[in-house]
Structure formats: C-alpha cells, structure tokens
Amino acid sequence: MKRHAPVETEGAPVSKMQKSRPKRGRLNSQNVKRSVTIGHRKTSVTLEQAFWDGLKEIAAARNVPFYRMITEIVQGQVNMSSALRVFVFHFIRSRFNRTKSATALVRC
C-alpha cells in the first residue's frame with residue numbers, strides 16, 4: 001500500500017486522506033451494502049443511505065414490498081446501483097414536475 005507524505009496546512013501536518021474528509025455541515029455520503037436476490041441469484045448492492053431511504057419511501061407510497069420493487073428495478077441491469085439511483089432521481093423529478101404544474105395552475 002502506497003503511503004502519502006504529510007501535507008502542511010496552517011502549520012499542522014495532515015495526510016491527504018484526512019484532508020479529503022467531508023467538512024462539518026456537508027451531507028454524509030456513507031455507503032451501505034445490502035443483499036438482494038435477483039431471480040434465483042443472491043448479490044449485493046451498495047448505495048448511499050439517502051437512496052436506500054428514498055427507495056423505502058417510494059415502495060411505501062406505492063404499497064409495494066421493498067425488495068420486490070428493488071428486484072423489478074434492477075432486473076436485467078448491468079449496474080444495479082446506478083439503476084436504483086436513476087429510479088429514485090426520476091421518481092423525485094416526476095413529483096417535482098407535477099407539483100410545479102399544479103402550482104402554475106393555481107396561479108392562473
């Protein structure tokens with residue numbers, strides 16, 4: 001494993017790894033790995049906690065079992081994590097567009 005030389009910042013040596021840590025007030029993008037069964041194959045998917053939370057909320061709003069929805073989204077996808085992120089993004093964007101349209105109608 002290659003070690004980085006300390007970097008001087010304001011008089012205190014800090015390694016490059018420490019320097020790249022998120023600062024206070026920034027969103028935590030901690031990844032969480034979950035096991036899922038796609039077809040008859042068990043695999044794992046890694047996503048940020050915010051995406052797992054979003055997927056749970058979407059499943060609840062649609063009254064669909066969480067893992068069944070996950071299976072349907074990633075079925076046939078090469079990159080399962082990306083497929084789930086895109087699904088959450090499209091869901092939120094469609095909700096935003098509906099809200100935006102409804103707001104425009106109220107203003108008329």
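Derivation of every value follows stated rules applied to the coordinates shown; laboratory data play no part. Predicted model only: the values in this text are computed from it and were never measured. For neighbour counting, all protein chains shown are included, and Cβ atoms are generated from backbone atoms with ideal geometry for every residue, glycine included.
Descriptive notes on the structure:
- A Cβ-based charge dipole, computed about the Cα centre of region 28-99 with Lys and Arg at +1 and Asp and Glu at -1, lands at about 100 debye.
- Options V64, A83, V45, ranked by Cα towards positive dipole end of region 28-99, top entry (Cβ charges): V64
- Going from the fewest other Cβ atoms within 10 Å to the most, the residues R95, R85 appear in the order R95, R85.
- Note on R95 and R34: the extension gain reaches 19.3 nm, defined as 0.36 nm multiplied by sequence separation minus the Cα-Cα distance.
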